[in-house]
1. Over the stretch 3-210, calculate the relative contact order: mean separation of alpha carbon pairs under 8 Å at least 6 apart, over the residue count, as a percent.
2. What size of dipole, in debye to the nearest 20, comes out for the stretch 100-172 about its Cα centre when the only charges are +1 on Lys and Arg C-beta atoms and -1 on Asp and Glu C-beta atoms?
3. Residue farthest toward the positive end of the dipole of the chain, with Cβ of Lys/Arg at +1 and Asp/Glu at -1: which of ILE20, PRO33, ASN198?
4. Local charge sum around LYS135 (other residues, Cβ-Cβ under 13 Å, Lys/Arg +1, Asp/Glu -1)?
5. Give the share of C-alpha pairs in each 10 angstrom bin for the stretch 1-123, from 0 to the last occupied bin, in whole percents, shortest bins first.
6. Report, by chain and number, residues whose modeled amide H sits under 5 Å from the one on ALA114, excluding near sequence neighbours (fewer than 5 apart, same chain).
7. Determine ³J(HN,Hα), in whole Hz, for all residues of the stretch 3-9 in sequence, where each value follows from phi through the Karplus function 6.51 cos²θ - 1.76 cosθ + 1.60 and θ = phi - 60°; x replaces Gly and Pro.
8. Please list, in chain and number order, the residues 5+ apart from VAL134 or on another chain whose amide H is under 5 Å from its amide H, with Hs placed from the backbone.
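Any read-out appearing in this document is the output of simple, stated calculations on the displayed coordinates, not a laboratory observation. Note that the coordinates shown come from a computational prediction; the quantities given were computed from them, not determined experimentally. Cβ sites come from the backbone with ideal geometry, for glycine too, and all protein chains shown count toward neighbours.
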Amino acid sequence: MTAASRQEKLAAIFKSATVIPVLTIEKVEDAVPLARALVAGGVRVLEVTLRTAVAAEAAKAMIAEVPDAVVGIGTILNGDDLARAKDLGAKFGISPGATPELLKAAAAGDLPFAPGIATASELMQALAHGFDLVKFFPAEQAGGIKALRALAGPFPHIRVCPTGGIGEANAAAWLGDPNVVAVGGSWICPAADIKSGNWAGITAMCQRTMKLLKPA
Ligand code: 3PG
């Protein structure tokens, strides 16, 4: 796969998503009902973060049992995590940041990958490795839409998925930004709902959000 086709694959996944839930799964048995609840609500592209001991197993179960979900791995911190994501069968990878080692590994591989950036210098490093679609993190805390507008001055062609501080109140404004292809966040799958197994509540929240952000 060429770097360009890898990037286009990622862009297609993100554009199809509109909203990408950032999932932190504590119990592996929650993985499949959670993925089913999200998909039932019209949210198909899922980021399973490598933040818990069961994350990889959870992603594996979703991939095996929820074929309508497009499962990616988040919180990729190094080349080993990237290789793990690929071995699991993830469709894409996302990082909150990027080290030279990680950018090099991702550029040499064929897993669609979005490095994280919050500054012009970080963005320049990502671009130098061929990554023009980046996660802007932490989006609200790093200056919000105004900061992204400023970054788009010198880098007008970047494609961005902001995460960090995004919720029902500001997701539409972010999606209205010309450089934004999708938004990500944990608000669409509240930890309390996962803990209590409120799958119907998660589906309802997804339906409401998708209706608001992606009207038919
Ligand atoms: C991420 O990794 O993208 C963030 O943890 C998501 O931030 P949020 O919890 O503010 O949505």
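1. Values: 401 pairs, mean separation 47.0, N = 208.
Over the stretch 3-210, the number comes to 23 percent.
2. Roughly 180 debye for the stretch 100-172.
3. So the residue we want is ILE20.
4. Details: positive: ARG159; negative: GLU47, GLU122, ASP132.
It works out to a net charge of -2.
5. 14, 46, 32, 7, 0
6. GLY93, ILE94, SER95
7. Running phi through 6.51 cos²θ - 1.76 cosθ + 1.60 with θ = phi - 60° gives 4, 5, 6, 4, 5, 5, 4 Hz.
8. Excluding prolines and chain starts, which carry no amide H, the hits are ARG159, VAL160, CYS161.
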